[in-house]
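Student: One structure, pasted below without further comment.
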Amino acid sequence: MAKFAFRLDRVLDHRQRLEDEQQIVLGAALSALRAAEAVRDDYIARRGEMRERLLLHHGEMESVELRATYAHCDYLDRSIVAQQRVIDAARLQADRERATLVVKTKDKKVLAVLRERRRETFESEVAAIEQRESDEINSRSFDRLITSGEIPS
């Protein structure tokens, strides 16, 4: 039986490598996004703790400590807003990388489908050739039996 050979296997392999590399890039972008979100969540948690402390111990605090606590809450509010901008930029970058990955996956998928269709065509052609050869062998065998008189005509 003949062996199937797809002439564009090298191109398909190259596109697979490009897709794999893009998956790594997307993973890094998503990791950066998660890290930025973790920083923001830490700021939010710290701000929540400070506000709770203010609510529970406001009367017990001295004026200097109150000013410092309110100033720190204000700092955390500004940090949260700034960190949200970082998150938005990281999310935008991750979305771009995801879109690039989709394009590269489609490029590879087109060749993979073409390869599979060519393989199916090849296999059906090989099956047809084998069937013709088998029919020819059977026909010759039958003709020999007829001419030798083993089977009456």
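The values are calculated or read from the model by the stated rules, or taken from the named source; none is laboratory data. What you see is a predicted model, and the numbers here were worked out from it, not measured in a lab. So basically every Cβ, Gly included, is an ideal-geometry build from the backbone, and we count neighbours across all protein chains shown.
Student: Give me the pairs, please: first residue somewhere in the stretch 10-21 and more than 12 Å from L101 (Cα to Cα), second residue anywhere and surrounded by 14 or more Cβ atoms within 10 Å (Cβ to Cβ), beta-carbon distance under 6 Å, and either six or more positions apart or on two chains.
Tutor: Here the result reads L12/L111, each pair linking the stretch 10-21 to a residue that is surrounded by 14 or more Cβ atoms within 10 Å (Cβ to Cβ).
Student: Tell me yes or no: at least one residue of the stretch 40-55 is in contact with a helix residue (DSSP H, G or I) (Cβ under 9 Å, 6 or more places away or on another chain) and in contact (Cβ under 8 Å) with a residue 40 or more places away in the chain.
Tutor: The answer is yes, given that some residue of the stretch 40-55 is in contact with a helix residue (DSSP H, G or I) (Cβ under 9 Å, 6 or more places away or on another chain) and in contact (Cβ under 8 Å) with a residue 40 or more places away in the chain.
Student: Would you be able to say whether some residue in the stretch 96-105 is within 25 Å of L8 (Cβ to Cβ), charged (D, E, K, R) and assigned to a helix (DSSP H, G or I)?
Tutor: yes
Student: Within the stretch 2-9, is even one residue closer than 18 Å to A94 by Cα, in contact (Cβ under 8 Å) with a residue 12 or more places away in the chain, charged (D, E, K, R) and in a helix (DSSP H, G or I)?
Tutor: Start the filter on the stretch 2-9 by keeping residues that are closer than 18 Å to A94 by Cα, which leaves none.
No - not one qualifying residue is present in the stretch 2-9.
Student: Tell me which of these I87 doesn't satisfy, since it passes every other one: (1) crowded, with 16+ Cβ neighbours inside 10 Å; (2) at pLDDT below 95; (3) more than 21 Å from the chain's Cα centre (by Cα).
Tutor: (2)
Student: Within the stretch 1-20, can you find the residues that are charged (D, E, K, R), over 30 Å from E133 (Cβ atoms) and over 16 Å from the mean Cα position of the chain (by Cα)?
Tutor: Filtering the stretch 1-20 for residues charged (D, E, K, R) gives 3, 7, 9-10, 13, 15, 17, 19-20.
Restricting the remaining residues to those that are over 30 Å from E133 (Cβ atoms) gives 10, 13, 15, 17, 19-20.
R10, D13 - these are the residues of the stretch 1-20 that are charged (D, E, K, R), over 30 Å from E133 (Cβ atoms) and over 16 Å from the mean Cα position of the chain (by Cα).
Student: Something else now. Looking at the stretch 92-102, can you tell me whether even one residue there is modelled with pLDDT of 95 or more, among the β-branched types (V, I, T) and farther than 30 Å from S31 by Cα? Before the answer, list the steps.
Tutor: Of the stretch 92-102, the ones modelled with pLDDT of 95 or more are 92-102.
Retained after the next criterion (residues that are among the β-branched types (V, I, T)): 100, 102.
Now drop any that are not farther than 30 Å from S31 by Cα, which leaves none.
For the stretch 92-102, residues modelled with pLDDT of 95 or more, among the β-branched types (V, I, T) and farther than 30 Å from S31 by Cα: absent.
Student: Can you tell me how many residues within the stretch 36-68 are closer than 26 Å to A99 by Cα and either loosely packed, with under 13 Cβ neighbours inside 10 Å or modelled with pLDDT under 95 (or both)?
Tutor: Total meeting the criteria: 1.
Student: OK, next. S134 fails exactly one of the following numbered conditions: (1) touching a residue at least 60 places away in the same chain (Cβ under 8 Å); (2) surrounded by fewer than 12 Cβ atoms within 10 Å (Cβ to Cβ); (3) among the polar types (S, T, N, Q). What is the number of that condition?
Tutor: (1)
Student: Can you name the condition, by its number, that A68 falls short on among (1) in contact (Cβ under 8 Å) with a residue 24 or more places away in the chain; (2) among the small types (G, A, S); (3) part of a helix (DSSP H, G or I)?
Tutor: All conditions are met except number (1).
Student: Checking E49 against (1) in a helix (DSSP H, G or I); (2) among the acidic types (D, E); (3) over 30 Å from A32 (Cβ atoms), which test does it fail?
Tutor: Here E49 meets the rest and fails (3).
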